[in-house]
Each structure stands twice: as structure tokens, then as C-alpha cells.
Amino acid sequence: MKLDGQKKAKLIQSLSRKIYTIGSSEEIINILKMREKIKKIDRKLSFLQTSNLKPQRGYSITEVLVSVLIFSIIVGAGTGVFVSAIKLQRYNLTHQRLIGQVNYAIEYMTRAIRMARKDDGTCGFNEENYNYADPPNNNWIEFQTYNGECWKFFLEDGQLKIDKHIDKHREIYELTSSDFQVTDFRINVSGDESEKQPKATIYMEIKGGGSDPQPKLKIQTTVSQRNLNF
């Protein structure tokens with residue numbers, strides 16, 4: 001509500017006439033109070049009109065898009081680091097399992113090959129009655145164990161396997177897990193002749209399975225037969 005100067009003057013004159021025409025002191029006091037209220041309202045309106053208060057400005061579309069872009073970059077970078085950390089952890093866990101798998105397979109084969117003995121005709125794999133039978137390409141080895149069983153280590157479908165002949169009963173087991181793939185397996189036998197101690201050199205390559213980058217191990221070891229070939 002805004003009161004200009006002319007209206008205020010007329011209002012004051014009207015109030016003045018009432019003051020002089022009304023004889024009751026109570027009415028005069030009420031009129032004076034009303035006059036003071038009008039002055040206060042006028043001062044408040046004048047202050048609001050002359051103040052420097054400005055309305056708040058909102059965000060523009062450009063500012064919103066820039067903010068969203070920055071937020072997306074930060075979230076994307078954080079997500080990339082998190083995914084890389086998870087992949088690295090999986091790689092390390094697979095590498096540890098791969099080492100355990102290789103240690104088990106090598107230890108199992110070397111123990112059996114070390115305890116092999118000269119074939120006494122039970123296995124019948126070697127006419128010259130030597131300790132080991134191995135093909136020209138050296139991708140498997142067959143021998144007679146210390147307790148008379150016929151064993152064979154060979155590679156098939158990416159898995160290292162053992163073939164056991166026990167009392168005309170044949171059993172085939174896998175030495176490596178299906179979670180891993182053996183890409184190369186070779187055994188080279190030397191010194192398998194009379195009055196010499198034969199040796200078998202084992203070479204194996206194995207890697208983890210899966211489409212992601214997988215760890216890969218290459219290992220080679222040589223084991224000598226405990227009993228001399230006499």
C-alpha cells in the first residue's frame with residue numbers, strides 16, 4: 001500500500017478537523033494512535049522501495065551441464081580405478097593358485113619318477129627292459145613304480161593326466177585343474193641304460209583359463225632315479 005503526498009495531506013487535515021470537532025478525549029487519543037500507525041506503514045513502504053535488495057538468480061543450463069560433466073568425469077575415473085583394482089586382485093589370486101597347482105603336479109610326478117624301477121615284464125612297455133618308456137616327441141612317460149604298478153603321465157586336452165594300470169584295472173586321473181590349461185608338456189629321459197643312473201627332465205607350460213589376461217608359468221626340473229639301473 002502506497003500513500004502519496006497529496007493523500008497523506010488530506011488524511012491529516014481530515015484527522016485534524018475531527019480532533020477539533022469531537023469533544024471526547026478518548027476518541028482524540030484513538031485518532032492520534034491511528035495517525036502514528038499510518039506514519040509507520042508509510043516509512044516501511046518507503047524503505048522497501050528504496051532498498052537495494054535484488055532477487056536471487058538461478059543456475060543456467062550451461063552451468064548445470066558443466067557440473068554434470070565434471071561429476072561424470074570424477075565418477076568415471078573412480079570407477080575405472082576400482083575395476084582395475086579388482087582385476088589386479090583376481091590376477092594375483094589366480095597366479096597364487098597357479099603356483100600351487102604347478103607345485104603339486106611337479107612334486108607328484110618327480111616323486112613317482114624317482115621311485116621307479118626297472119620293468120620286470122609286468123608293464124611290457126619296453127622290449128629292452130629299461131626303466132622308462134618315452135616316445136620320440138617326449139610328450140609322455142611310462143614306467144613301473146616301486147610297488148609294481150604301471151603309471152603313465154601324459155598331456156590331453158590341455159590337462160596333465162595320469163594313467164594307472166593296477167592288476168589289469170585301468171584308472172585315469174587329472175593332475176591339473178580344469179581352471180588352468182597346460183599348453184606344453186615334455187619329458188626327456190637320459191642315461192637309461194645299463195650301469196647308469198637315468199634322469200628325467202620335465203618341462204611344462206601352464207596358464208590360467210579365461211578371456212581376461214591370465215598369468216602363465218614355465219617350469220623345468222630334472223629328477224634322478226633313486227635306484228641304479230643294474
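Where a number appears in this text, it was derived from the coordinates with a stated rule and is not lab data. Quick caveat: nothing in here was measured; it's all calculated off a predicted structure.
Here segment 147-207 is treated as a Stokes sphere of Kirkwood radius computed over C-alpha pairs; at 25 °C and 0.890 mPa s its diffusion coefficient rounds to 184 µm²/s. Computed over the alpha-carbon pairs of segment 73-224, the distance histogram in 10 Å steps reads 10, 35, 27, 14, 8, 4, 2, 0 percent, short to long.
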